[in-house]
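The values are calculated or read from the model by the stated rules, or taken from the named source; none is laboratory data. Not measured: the values here are computed from a predicted model. Cβ placement follows ideal geometry from the backbone for every residue including glycine, while neighbour counts extend to all protein chains displayed. Accessible surface areas use protein heavy atoms only, side chains included; no ligands, DNA or RNA. Shrake-Rupley method; radii C 1.70, N 1.55, O 1.52, S 1.80 Å.
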Amino acid sequence: MTAVSKAVCGHPAVARAMLGGGAAGLAEARLSNVKRLRQAGVTCPITLIRTPMLSEVGDVVQLCDASYNTEISVIAGLAAAALLQNKVHDIFLMVEMGDRREGIVPQELGHIGQHVMDTPGVTLKGIGANFACLSGIAPTAAKMQALTALANDVEGQCGPFLQTVSGGNSANLDWAFGARTTGRINDLRLGEAILLGVDPISGDQIGGLMQGAFTLVVEVIEVDAKYVRRSESCTDPKMARIRHITDTSEARRIILAIGHQDTDAAGLSMPVGATVCGTTSDHLIIGTEDTALCVGSELRLQMNYSALMRAMAAPDVQTSLRHDRQGPRAHDANGSNKHLALV
Ligand SMILES: *Cc1c(COP(=O)(O)O)cnc(C)c1O
C-alpha cells in the first residue's frame, strides 16, 4: 500500500503516521508537497503520481524515487535529468482504462514500455491505472483482470519483470477486500480511505476506521442576520443554485468566517439542525436552531475529501495537531483564539 498525502499537502506528521501505519511509501501529486516532506526529513520512497511538468523534471529526479508518466517527451526529460544527476529514475506507465483522465491507451503500452527500457537514465518499474476520478468508472474485477493481462503483455513485449502493478486508489478497496484473486496487482495508492475512513464510491464508513480524524473549527462573526426573503436575496439567478434551503426558514441565520477561499463549503457536514444557506468567498451563512451560538463561538465541522484538501491548502486555515507539542498551537501568544484551526 502506497499512502497518498496530497489531501493534506504533504503534511509531514500525517505522512509519518501513514508510514507508521504500514504504508510501504508515499505518493504525492505535487512537487511542492514532496519538497515539504523531504525538508521535514522524510526519507521513504516518494512517487509522483501526477505526470511531471516538463519544466520540473530536474527536481522530480532529485526528490522522487519514481513518477507516473504518460508522455514520451517527459520521460525523455526525466532521463536526461537523471543522467546529469548520476541516477536512474523509476518510471511507472499510467494506463487509461476508462476513467478518461490521464493514461496511455493499452495498445500503445508495450511500445512505450520498450522505449523506456531503451532509454538510459530511466527504468520501467511498473504500470498503474486510476479509476473513479474524472468519469466515475469503478474498478471492477474485470478491469483488474484486464490490468493483470496488460502487465503480462508488457512483460512479454519488452522484457523486464514489472515490480509493481498499481490497481488504483481508495475506490479499489471494495474490490481488494472482496477479491478471490488479486492477479498481478500488488499495490494500491490510498488517500481518502486512510484520512477520512470512507469508501469514496459508496460514501460508507470503512469498517474499523475513524471518520473524525480531521475537524474544521470555524468562528461565528454575526448572529441574527436579518431575515431576507428569497426573492430579494437572489438577484442573480445563477446564484440560486448555491442555496440549499429557502430563506423562508425560521431558523436563525449565522455567519461563519470561512468561505470558498478556505474550503469546499458543499463538502462540510453541518451540526444537527443546521443547514447551509449560502457561501461567498469569505462567508458561510447557515441556518440553525442552536440558540447558544453567539459572536465568537466556535463551530466544529466535519469535512469530505474536497473540503479537507482545500482547507489544508488555504493560507488562513491554521493546522493544529492534537498531541503535537512542537506544532503550531491553537492559541497564539496572548491567548486569543485564531479564527480557524484544523485540529
Ligand atoms: C489522488 C490520487 C490517488 C489517491 O486517491 P484517493 O481517492 O485519495 O485514495 C491515487 N492515484 C492517483 C493517480 C491520484 O491522483
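Points to keep in mind about this one:
- Within the listed set THR140, THR47, THR291, the residue fluctuating most in the Gaussian network model of the chain (springs between alpha-carbon atoms under 10 angstrom) is THR291.
- Heavy-atom accessible surface of the stretch 19-112: percent carbon and sulfur, 1.4 Å: 52 percent
- Take the stretch 260-304 with all the other protein chains still there, run a 1.4 Å probe, and you get 48 Å² of accessible area per residue.
- Rounded to the nearest whole Hz, the Karplus-based 3J(HN,Hα) values (6.51 cos²θ - 1.76 cosθ + 1.60, θ = phi - 60°) of the stretch 65-81 follow the sequence 7, 8, 8, 7, 9, 9, 10, 4, 5, 6, 4, 5, x, 5, 4, 5, 5, with x at glycine and proline.
- For the stretch 1-137: rounded, prolate or oblate by the Cα gyration tensor [a/c cutoff 1.5]: oblate
- Most fluctuating residue given options PHE177, PHE92, PHE161, as computed from a GNM of the chain linking Cα atoms under 10 Å: PHE177
- Between helix 141-158 and the chain: long-axis angle, C-alpha atoms, 0 to 90°, nearest 10: 40 degrees
- Rounded to the nearest 20 debye, the dipole magnitude of the stretch 2-196 is 540 debye, with +1 charges on Lys and Arg beta carbons, -1 on Asp and Glu beta carbons, and the Cα centre as origin.
- Theoretical FRET efficiency, 1/(1+(r/R0)^6), r = Cβ-Cβ of GLN205 and ASP316, R0 41 Å, to 0.05: 0.85
- Between GLU289 and ALA13, the simple label model (points 7 Å from Cα in the Cβ direction) yields a spacing of 3.7 nm.
- Helix-only CD estimate at 222 nm, as mean residue ellipticity for the chain, using -39500 (n - 2.57) per DSSP H run (n ≥ 4): -8000 deg cm²/dmol
- Contact order for the chain, expressed relative to its length and based on alpha carbon pairs under 8 Å spaced 6+ residues apart, stands at 12 percent.
- Separation of the SER281 and LYS87 label points, Cα + 7 Å toward Cβ, nm: 3.9 nm
- Pairs of Lys residues in the chain, spaced 8 or more positions apart or belonging to different chains, with C-alpha separations under 28 angstrom: 12 in total.
- Built amide H within the under 5 Å cut-off of ASN69, gap 5+: PHE92, LEU93, MET94
- Each label was represented as a point 7 Å from its Cα along the Cα-to-Cβ direction; for ARG101 and PHE177 these points are 2.2 nm apart.
- Taken per residue, the accessible surface of the stretch 54-175 reaches 42 Å², heavy atoms only and a 1.4 Å probe.
- Relative to the Cα centre, the charge distribution of the chain, modelled as +1 at Lys and Arg Cβ and -1 at Asp and Glu Cβ, gives a dipole magnitude of about 320 debye.
- When the charge dipole of the chain is built from unit charges on Cβ atoms (+1 for Lys and Arg, -1 for Asp and Glu) and taken about the Cα centre, the candidate among ALA179, THR148, LEU31 whose Cα reaches farthest toward its positive end is LEU31.
- Residues of the stretch 72-92 with amide N under 19 Å of the 7 Å Cα→Cβ point at GLN114: 72-73, 75-76
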